[in-house]
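To start, the structure itself, in structure tokens.
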Amino acid sequence: MSASITIVHNSRFKFGWIALLLTAALMALMHFGLIFFLDNPALFIIAACFNLYAFIVILIPFRRGEKWAWFASWLLPIGLALPAALDPDVAFYFGIAGASVLGLVLTMQDFFPKK
């Protein structure tokens, strides 16, 4: 016997979810590409795996509405803001982290509805 659950999300959730999905996917692709073009690939292998993990969490359990995925997704903007705070050459990470925070804030009401 299979249980089928239909989850209906509003447009605010969809916009936030897509923003999170795009930021994780684009950062994973960028870090994966940097593995082959820069001298120190180990750092970018770690970053690519981190962003790939965030992408998978956002793609499946986050969309299902699992609360742990919402909390785990905060690793994405934190992980993007820390290198930007330490190195001014990657300050654009702040913008990407901001887009991730916006996505999380937009989806918060679906994870924690008011009673």
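Where a number appears in this text, it was derived from the coordinates with a stated rule and is not lab data. Not measured: the values here are computed from a predicted model. Glycine gets a Cβ as well: all are built from the backbone with ideal geometry, and neighbour counts include every protein chain shown.
List the pairs whose first member sits in the stretch 53-82 and is without any contact (Cβ under 8 Å) to a residue 12 or more places away in the chain, whose second member is exposed (fewer than 14 other Cβ atoms within 10 Å of the Cβ), and whose Cβ atoms are under 8 Å apart, counting only residues at least 6 apart or on separate chains?
Sorted first by the residue in the stretch 53-82, then by its partner, the pairs are PRO61/TRP68.
Please work out which one of (1) surrounded by 13 or more Cβ atoms within 10 Å (Cβ to Cβ); (2) outside any helix (DSSP H, G or I) is the condition ALA19 fails and give its number.
Going through the list (1) surrounded by 13 or more Cβ atoms within 10 Å (Cβ to Cβ); (2) outside any helix (DSSP H, G or I), ALA19 breaks only (2).
Please go through the stretch 58-70 and pick out each residue that is of a type outside the set (A, V, I, L, M, F, W, C) and part of a helix (DSSP H, G or I).
PRO61, ARG63, ARG64, LYS67
Could you look through the stretch 76-115, keep only residues that are touching a Gly at 6+ places or on another chain (Cβ under 8 Å) and of a type outside the set (Asp, Glu), and pick out the one that is farthest from GLY65 (Cα to Cα)?
Ranking the candidates gives PRO77 first.
Considering only the stretch 71-93, how many residues are among the hydrophobic types (A, V, I, L, M, F, W, C), loosely packed, with under 14 Cβ neighbours inside 10 Å and in a helix (DSSP H, G or I)?
7
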